[in-house]
Every structure is written in structure tokens, then in C-alpha cells.
Amino acid sequence: MSALLNMRIAYASLTARKLRTILAMLGVFLGALAFTGVQSVSDIMVRNAEIQAEKMGPNLFSVLAGRVRFRRGGGIQFSNFNTNFKLSDAVSILDKIPAVAAGAPYINLSLPVRGQGTVTNALITATWPEYQQVRSFIPAYGRFFNLAEVRDKARVVVLGREIADRLFGEPEAALGKLVLIRGAGYRVLGVMEVKGQDLSGVNQDEQIFMPLSTYMRRAANVDWISGVSMSLADGADLESVRESVRSLMRERHRLRPGVEDDFSMLEAKDVIQLQREALDLMQTLGLISSSLSFAVGGMGILSIMILMVRARRVEIGIRRAVGARRSDIVRQFMYEAGMLSACGGSAGVLVCLLGVLGFAGFTEYPLVLSSGVFGMTLVGSGVLGLFAGSYPAWQASRIEILDVLKS
């Protein structure tokens, strides 16, 4: 019997009992949907983290005051902040670590800002002009402050996009205007490009940038900084950089052996790795749930096929009487089981594909499609159907013509 004829018979048999067929496919459909869905979401999140890491700057490496604790999911939380991280520490790191291509010390703190009668809270980032190169963060309108303005402790600022929109309605309107920070007026030089949230959970469009010297001497009169961000040279040995920075900082802070570091070192890959660990847990749970769904689907196909064998004893007997071999009967039921499972798996993959396309279309997350995952799911669904249908097919092939005639 030809494969085409077997498929036509299988299709006619399955469509004749639509409700039973749908119920048999449901478990495989849910299993395929769960497996492909979890894998697709995981791939999208990892790719999104990589894109955000690229936006943070090339080969970014930071040294921070105090300790940093990673939160499950990729964010970071600062604890044990101290004020013994000095500007001279940052200058020493930039001068003595050969792998540093560029660097910018900075101070971060949240302050209320007033502009045109509107008051809002913003993250003040006091830094150097090199911040643009280190963080790949360029003004979309106007310009960033320069070295001369840092030397003169000029009262100038560059606004993040959302702050500019909130205070002035549109970014172009902010240029040349004054904003009030702690009662002092600062002239707006530029508005930064849209960056979104970074890997540490900070909304980079909610920042206001000012010269580091301006904040340290005119706004707050402090001698400490929050940290220093650096762009490492291509091919730099990260572990060597870490050890060099640790030794230098411990020496400058006079930390005795056995005393915990009073600073932290962070790179974008650390946060990506933490997100991968969180996604690994999600993948494991998804794999368990999809495996259970596939198992239920396999049992459903097995039970439905056994019922079909019992309901079609006369058909099987007649086919045997007109010359069908046992192998023909086995193939027929294997085709039906394979079609049940393959259709359920294909439906699950299709729904997942549409969901991923819709998710990427209506959000800012990247579109990531893994043909390997979809192909493996389809193949696995087909194999599951063949495995589940093997016993009913064997059972159907053992039906004797005389037993059917007697019944």
C-alpha cells in the first residue's frame, strides 16, 4: 500500500472523529507550545541583555564605591556605600592600568530639578567629557560639556531625553534654557540621545549630566566620587585588569590582608551572566512543564489509538480478508498516530511563532527565532507519536480474520 493512500485513510479516519482527534492532539500542542515558548523567551532576553551591554559602551569596566549585590534577574543593588573613594583613586587607576583606553570618574545621586515651573526628580551624573566615549552616549541635540568647562567649574548641564521632555516639552526647546538644582541655575548645553534602561536597572534617559568639578566644588563641596567607568582596550585580559585594580585600590585604601574590599568591580558581562542564570532556572521549569505535557499527550494518543483499534475491528478484518498484510495494518496505525502528534506539535510551534512575532512587533525587544528549537520540537512531536502508536499498531496487526467473523 502506498504512503499517499495510507495518509488519505489516516486523514479520513481522524476527521471522522474530530473531538477525539482534538483531545488527543491537545497534550502534544501544549507541550510544543511550552517548550518553544520558554526557549524563545529565553533567547530574546539573552539577546536583549547583549544589546543593552553593547549600548553601555565598548568593553565597559567599572570600579564602584562600596559593595554591589546582584539581584536575581540581572539588576544590581548598592550597599555599604562609603565616601573613601577619592578622585585621586580614579586618576591613579586611569594612569597606572595600561589596558584602560579611556575613563571617566563620576558621582551619582538623585536630586529635584526645576525647569519652567515644573519640578521633577532626576539622577545627577557629574563626570568628565570622556563619559561620552566610555558609555557610547552622545547628545542628539546641542553638545556635551568640554574640558575647558570642567576646568572652569562651569554651571552647565546636559539633559537626558525624558527629563528634557518633562521640563520643556520637547528637546529642542531645552537648549540654552536654565534649570535649577539646589537653588542654582545651570544652562542647558544639550539633550542626550534615547538610551532606555541599562543592565543595572537605571533609566539612562532620566539623567542630568554636569561637570564633575562643578558638583564637587560649587554644588556640594565633596571630595569623594561614586566610581569610575572605563573602556578597556581590545584584547585586554580582564582577569589581569581585575587583579591590578584590586591590588592598587587595596594599597591606596590601606586594607590589610583578610579585610574585605571596600569597593566593587563590575562589567556588563557580570550582569548578563546573572540574567543567564535566572533564565536557566526558567528554562529548567519550562522543560519540566513541557515534558509533562508531552507525556500527557503521548498517553492521550496511546489511549485514543487503542480505542480506535477496538472500534475498527471489522474494518481491520475486512482489510485482512482482501489481502492486507500485518505490516500494512501496522503502517496504517503508525501513520495515524504520527499525524496526530505532528499536527499537535505543528500547531504549538505555529502559535508560539505568532506570539514571538507579535511580542517583538509591539515591544522594543529584539526578534529572535531559533530554527533549531522549532525543528527539534517538530521532530520530537513526530517521534512521540510513532512511539505512542507502536503498541496500538501492533495490537491491530494481531487481530485475526476468524475472530472478527465470529464476533
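The values are calculated or read from the model by the stated rules, or taken from the named source; none is laboratory data. Bear in mind the structure is a predicted one, so any value in this text is a computation, not a measurement. Quick reminder, even Gly has a Cβ in these numbers, built from the backbone with ideal geometry, and neighbours come from all protein chains shown.
For this structure, a couple of remarks:
For every residue, the table says whether it meets (1) assigned by TED's automatic domain parsing to the domain that holds LEU19; (2) of a type in the set (Gly, Ala, Ser); (3) buried (at least 16 other Cβ atoms within 10 Å of the Cβ).
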| site | (1), (2), (3) |
| --- | --- |
| THR284 | yes, no, no |
| LEU287 | yes, no, no |
| ILE301 | yes, no, yes |
| ARG310 | yes, no, no |
| ILE316 | yes, no, yes |
| ARG319 | yes, no, yes |
| ALA324 | yes, yes, yes |
| VAL330 | yes, no, yes |
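- Screening LYS195 on (1) without any contact (Cβ under 8 Å) to a residue 60 or more places away in the chain; (2) in a loop (DSSP other than H, G, I, E, B) shows it passes everything except condition (1).
- SER327 satisfies every condition listed in (1) in contact (Cβ under 8 Å) with a residue 40 or more places away in the chain; (2) in contact with a Phe, Trp or Tyr (Cβ under 9 Å, 6 or more places away or on another chain); (3) in a helix (DSSP H, G or I) except (2).
- When the stretch 219-237 is limited to residues that are farther than 28 Å from GLY185 by Cβ and of a type in the set (D, E, K, R), the one that is surrounded by the most Cβ atoms within 10 Å (Cβ to Cβ) turns out to be ASP237.
- Every residue from the stretch 147-179 that is under 20 Å from VAL222 (Cβ atoms) and touching a strand residue (DSSP E or B) at 6+ places or on another chain (Cβ under 7 Å): GLU149, VAL150, LYS153, ALA154, ARG155, VAL156, VAL157
- Residue under evaluation PHE61, criteria (1) at pLDDT below 75; (2) under 24 Å from GLY103 (Cα atoms); (3) surrounded by 14 or more Cβ atoms within 10 Å (Cβ to Cβ), criterion not met: (1)
- Residue match in the stretch 355-369 (condition: farther than 30 Å from GLY196 by Cα and either at pLDDT 85 or above or of a type in the set (S, T, N, Q) (or both)): no
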